[in-house]
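Structure first, commentary second.
The values are calculated or read from the model by the stated rules, or taken from the named source; none is laboratory data. Keep in mind the model is a prediction, meaning the values are calculated, not measured. All Cβ positions, glycine included, derive from the backbone under ideal geometry; neighbour counts span all protein chains shown.
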Amino acid sequence: MTRRGTSDDAAAATGADSPWALRDYALIADGERGALIDPRGGIAWLCAPAWHDGAVFSGLLGGPGRFRVRPADRWNVWGGYYEDGTLIRVSRWVTADGIVSCREALAVPADTGRLVLLRQIRAVRGAAVVDVDLDVRAGYGRHPMTQLRQDGGAWRARSGALHVRLTGAEDARHDPDGGLHARVRLPEGGAHDLVLELATEPGSTPLDPPSLWNATERWWKRVVPDCSDTAAPRDTRMAYAVLNGLTSAAGGMVAAATTSLPERADTGRDYDYRYAWVRDQCYAGIAVAAHGPHPLLERAVRFVADRILEDGAALRPAYTVSGGRLPAERPLPVVGYPGGGDRAGNRAGRQFQLDVFGEALQLFAAAARHDVLDARAAEAAARAAEAVADRWPQPDAGLWELEDRWWTHSRLCCVVGLRDLSRDLRTPASADWSRLADRILAATRSRCVHPDGHWQRADDDTGPEAALLLPLARGAVPRTDPSLSRTRSEVARHLAKDGYVYRFRHGDEPLGDAEGAFLLCGFTMALAAHVQGRPAEAARWFERTRSACGPTGLFAEEYDVAQRQLRGNLPQGFVHALLLECSARFGKAPDEESSAGW
C-alpha cells in the first residue's frame, strides 16, 4: 500500500508530475507491452521488455523515468484521437500561437525482446517549438541510464539489462539527472520523427521512420476488420484494436496494461492485471467468434488449449502471456497512484475457479462453429469437460476471486459450455457432455434458485448477482424459462442505478459507495435483454454502458457514476470484449443469431 507521509517527498525526488484522472490517459500497445500517454505528452507507464516486467517509465505510480514530447508553450489545451481501427494515437495541443500534434505508436509487428516507440511531431498550424525529454529508468526506477553516448547520429545507453537507442534527437544535451533534453523547432507544416528502441540486445537494425510507420499501418489494417455490420462500427473497431494491442504473439491477452490502480480509494482493492486471465481470454475469443473467424479467435483458442493440455484439472485462472506462472505479490519501490497501492504479482494465480473451465468449453465450441478447432484444441476441450465432471461439486473462488463457496455462476457457465460443446463438436462423448450439463443444472437449480424464482449468488447467499446474466443469456436455461426474466428483473431492481449495473451488494452500503458500476455487467444486462427479444431495452443498456469511457474511448473495469470517473486498471480487456460481442450480436438478423448458436 501507499506509504503515507512520504508520498510528496518521494514524488518530488523522482521528478514525477501529479497524475491525471484515469479517463485522460491513452494507450498504445503492440501485444507484448503497452504504454499509457498522458495529456502533457508524457509516457506515464511502460514496462519492458514484457507486460509483467519492470516499468521503464512509471510516473503513473509516482515513479521515475520519462519520455515526454510537449509544446514549449505551456499555455495550451490538449486533445487527441485514435486513427480509426488502430492504436495509433495522435496527441494534439492548441497553443497561444498555433496547433501542434504528435503521432505515436508502438511499432508492429512486435518482437518479444525489442520494442520500438514511434513519435512524429508536426506543426499543424503555425511554427512549433517542442521540448523532448528522455530518461529511461528500468526496474521501476532502479536503473538509471548509463554509458550514454552518441553513435552514428543515434544516442545509445544502458538501463539495467536493457539497451537504449534514440534517433531524431542528435542535438540533445545531457540533463544533470542523467537524461536527455532536446528542443525541436518546426516551420508550419513541418514534421520531425523520434524513434526509441528498448531491447534485450544491442540494436543494429536501421530505425527508419517511414518504413516503421508503413509496417505499423499495414499491420493494423490487417488485424482489425471493417465492422460495418455491427451496431456501433467505430467503437467495435476500437474494441478490436484494444484486444489486439493487449494480445501477445504467444496468444496470451493481458487483463489490463497496468497494476495497482484503485477500484476505490484507500480500500486495498488494487491489483496487478498485467497477466493473462483464462476467463478474460475466453470472453475475447467468444466475442470475436460472434462476429467472425478473425485471427484473435485462433490465438485465444491456442493459448487456452495449451494451458489446459499442460495443467488439466489443475488449470490456473491466470498466467503470464507466455504461459508462465504468476509471481507472488510483492511491493514496488514507487509511491503509488493516489488512493491506491504499489504491487506486482497476483495471488489469483493459485486459486481454483470452476467457471474458467465452462468459459473454455464455450470458446472451443465457438471455434468449432467456425470450423477452426484443430485436433489439439479438440483434445483440450475433452480434457476440460473431464475436469468439469470431476470438480463441479467442489466449492471454488468464483468469478470475483472471493472465498471458496458453491457459486451459482460457476456452475451455470459449465452448463453452457458442456451444451455448446455437445452440439458443436460431434464426438462419441457428446451425449455424455449433454447429460452432465443436465445433471449440473438440476443440482444447481435445487440449491441456488430463490423461493421467489430467481437465481441467487450461491447456495448459501440469497442476494442478486449481475454476473449470472451472462450464462443465462448464453443458454444455461431456455430463453422462455421464467428464472431468466426474474433474475434480470431482480438485478435491475437491486443492482442497477441511473442506467448502470453493479456486481452485487456489499452489505448495506448504497450502490456506488462500495464500488463503481461494473461495466462488464452493464453489457451482460444488454445481452440478456436482447436474448429475451427486447431490442429497445437492450439498446438502452448498451448505449448507457458504452458512454462510460474517457475521451480516449478506453474503458476501465468500473465507472464511478457520481464523479463520471474510471476506476481500476486500464484498459480492461474484458469490457472491450463484451462491447464487441454486444455490437456484433445486435447487428445480426434473428436468423443469423440462431445459426450462431444462440
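Please determine, by comparing only the residues of the range 453-474 that are part of a loop (DSSP other than H, G, I, E, B) and in contact with a helix residue (DSSP H, G or I) (Cβ under 7 Å, 6 or more places away or on another chain), which one is surrounded by the fewest Cβ atoms within 10 Å (Cβ to Cβ). Outline the logic, then answer.
So in the range 453-474, the residues part of a loop (DSSP other than H, G, I, E, B) come out as 453-454, 456-457, 459-460, 462-465.
Subset that is in contact with a helix residue (DSSP H, G or I) (Cβ under 7 Å, 6 or more places away or on another chain): 453-454, 456-457, 459, 464-465.
Numbers: G453: 14, H454: 23, Q456: 21, R457: 26, D459: 17, P464: 24, E465: 27.
Top of the filtered list is G453.
Residue pairs, Cβ under 7 Å, 6 or more apart or interchain, first in the range 53-79 and assigned by TED's automatic domain parsing to the domain that holds V334 and without any contact (Cβ under 8 Å) to a residue 24 or more places away in the chain, second of a type outside the set (V, I, T) and in a loop (DSSP other than H, G, I, E, B). List them.
Short answer, once both residue conditions are applied: none.
Give me the pairs: first residue in the range 186-209 and modelled with pLDDT under 95, second residue of a type in the set (D, E), beta-carbon distance under 6 Å, and six or more apart or on different chains, which are they?
If the second residue must be of a type in the set (D, E), the pairs left are G203/E197.
Of the residues that make up the range 77-89, is at least one out of contact with any Gly (no Cβ under 7 Å at 6 or more places or on another chain) and within 28 Å of R343 (Cβ to Cβ)?
Quick first cut of the range 77-89, residues out of contact with any Gly (no Cβ under 7 Å at 6 or more places or on another chain) only: 77-81, 83-86, 88.
Subset that is within 28 Å of R343 (Cβ to Cβ): none.
Looking through the range 77-89, none of the residues is out of contact with any Gly (no Cβ under 7 Å at 6 or more places or on another chain) and within 28 Å of R343 (Cβ to Cβ).
Go through the range 255-274 and report how many residues are surrounded by 24 or more Cβ atoms within 10 Å (Cβ to Cβ) and part of a loop (DSSP other than H, G, I, E, B). Please lay out each step first, then the result.
As a first pass, look at the range 255-274 and keep what is surrounded by 24 or more Cβ atoms within 10 Å (Cβ to Cβ): 255-259, 261, 270-274.
Those still in the list that are part of a loop (DSSP other than H, G, I, E, B) too: 255-258, 261, 270-271, 273-274.
So the answer is 9.
Of the residues in the range 475-499, how many are touching a strand residue (DSSP E or B) at 6+ places or on another chain (Cβ under 9 Å), assigned to a helix (DSSP H, G or I) and over 17 Å from R411 (Cα atoms)?
Residues meeting the conditions: 4.
Taking only pairs six or more apart or across chains, which ones have beta-carbon atoms under 6 Å, a first residue in the range 418-438 that is within 13 Å of A368 (Cα to Cα), and a second residue that is at pLDDT 90 or above and among the hydroxyl-bearing types (S, T, Y)?
Within 6 Å, the pairs are S422/S430; S422/S434.
Which one of the conditions (1) part of a helix (DSSP H, G or I); (2) crowded, with 23+ Cβ neighbours inside 10 Å does R376 fail to meet, given that it meets all the rest?
(2)
Scan P464, P451 and give me the residue that is in contact (Cβ under 8 Å) with a residue 40 or more places away in the chain, of a type outside the set (K, R) and closer than 19 Å to R505 by Cβ.
Values: P451 fails: in contact (Cβ under 8 Å) with a residue 40 or more places away in the chain.
When all the criteria are applied, what remains is P464.
Would you confirm, using the coordinates I've provided, whether P187 is farther than 26 Å from R89 by Cα, assigned by TED's automatic domain parsing to the domain that holds R74 and either in contact with a helix residue (DSSP H, G or I) (Cβ under 8 Å, 6 or more places away or on another chain) or surrounded by fewer than 21 Cβ atoms within 10 Å (Cβ to Cβ) (or both)? Reasoning before the result, please.
Details: farther than 26 Å from R89 by Cα: no; assigned by TED's automatic domain parsing to the domain that holds R74: yes; either in contact with a helix residue (DSSP H, G or I) (Cβ under 8 Å, 6 or more places away or on another chain) or surrounded by fewer than 21 Cβ atoms within 10 Å (Cβ to Cβ) (or both): yes.
Considered against the rule, which asks whether it is farther than 26 Å from R89 by Cα, assigned by TED's automatic domain parsing to the domain that holds R74 and either in contact with a helix residue (DSSP H, G or I) (Cβ under 8 Å, 6 or more places away or on another chain) or surrounded by fewer than 21 Cβ atoms within 10 Å (Cβ to Cβ) (or both), P187 comes out as no.
Please pick out the residue among G568, G533, G553 that is crowded, with 22+ Cβ neighbours inside 10 Å and in the same structural domain as R585 (by TED's automatic domain parsing). Walk me through how you get there before you give the answer.
On the way: G533 fails: crowded, with 22+ Cβ neighbours inside 10 Å; G553 fails: crowded, with 22+ Cβ neighbours inside 10 Å.
Result: G568 is the single residue among G568, G533, G553 that is crowded, with 22+ Cβ neighbours inside 10 Å and in the same structural domain as R585 (by TED's automatic domain parsing).
Based on what the data block shows, is L495 in contact with a Pro (Cβ under 6 Å, 6 or more places away or on another chain) and not polar (S, T, N, Q)?
Answer is yes for this residue.
Just a yes or no: is a residue in the range 412-420 assigned by TED's automatic domain parsing to the domain that holds Q351, touching a strand residue (DSSP E or B) at 6+ places or on another chain (Cβ under 8 Å), crowded, with 24+ Cβ neighbours inside 10 Å and under 22 Å from V278 (Cα atoms)? Show your work before the answer.
Here is the first cut: in the range 412-420, the ones assigned by TED's automatic domain parsing to the domain that holds Q351 are 412-420.
Within this subset, residues satisfying the condition of being touching a strand residue (DSSP E or B) at 6+ places or on another chain (Cβ under 8 Å) are 412.
From what is left, the residues that are crowded, with 24+ Cβ neighbours inside 10 Å are 412.
Imposing the further condition that a residue be under 22 Å from V278 (Cα atoms) reduces the set to 412.
Checked the range 412-420: at least one residue is assigned by TED's automatic domain parsing to the domain that holds Q351, touching a strand residue (DSSP E or B) at 6+ places or on another chain (Cβ under 8 Å), crowded, with 24+ Cβ neighbours inside 10 Å and under 22 Å from V278 (Cα atoms).
Tell me the residue from Q362, Q353 that is among the polar types (S, T, N, Q), surrounded by 24 or more Cβ atoms within 10 Å (Cβ to Cβ) and under 24 Å from P262 (Cα atoms), please. If you could, list the steps in order and put the result at the bottom.
Numbers: Q362 fails: under 24 Å from P262 (Cα atoms).
The unique qualifying residue is Q353.
Restricting the search to the range 115-154, which residues are under 30 Å from the mean Cα position of the chain (by Cα) and either at positive phi or among the hydroxyl-bearing types (S, T, Y) (or both)?
The answer is G139, Y140, G141.
What number of residues within the range 539-580 are within 19 Å of L468 (Cβ to Cβ), of a type in the set (A, V, I, L, M, F, W, C) and touching a Lys or Arg at 6+ places or on another chain (Cβ under 9 Å)? Even if it seems obvious, please write down each step before you answer.
Here is the first cut: in the range 539-580, the ones within 19 Å of L468 (Cβ to Cβ) are 541-542, 545, 557-558, 574-575, 577-578.
If we keep only those that are of a type in the set (A, V, I, L, M, F, W, C) too, we end up with 541-542, 574-575, 577-578.
With touching a Lys or Arg at 6+ places or on another chain (Cβ under 9 Å) added as a condition, the list becomes 574.
Selection size over the range 539-580: 1.
Any chance the range 480-488 includes a residue that's basic (K, R) and closer than 21 Å to I308 by Cβ?
No, that holds for no residue.
Is there any pair linking a residue in the range 523-546 that is more than 20 Å from R503 (Cβ to Cβ) to one that is of a type in the set (S, T, Y) and in a helix (DSSP H, G or I), with Cβ under 7 Å and at least six apart or on different chains, and which?
From the range 523-546, the pairs are Q532/S485.
Might you check whether a residue that is at pLDDT below 95 and on the phi < 0 side of the Ramachandran plot occurs anywhere in the range 40-47? Give the steps one after another, and end with the answer.
So in the range 40-47, the residues at pLDDT below 95 come out as 40.
Now narrow it down to the ones that are on the phi < 0 side of the Ramachandran plot: 40.
Checked the range 40-47: at least one residue is at pLDDT below 95 and on the phi < 0 side of the Ramachandran plot.
Restricting the range 148-184 to residues that are farther than 26 Å from D97 by Cβ and among the β-branched types (V, I, T), which is surrounded by the most Cβ atoms within 10 Å (Cβ to Cβ)?
V164
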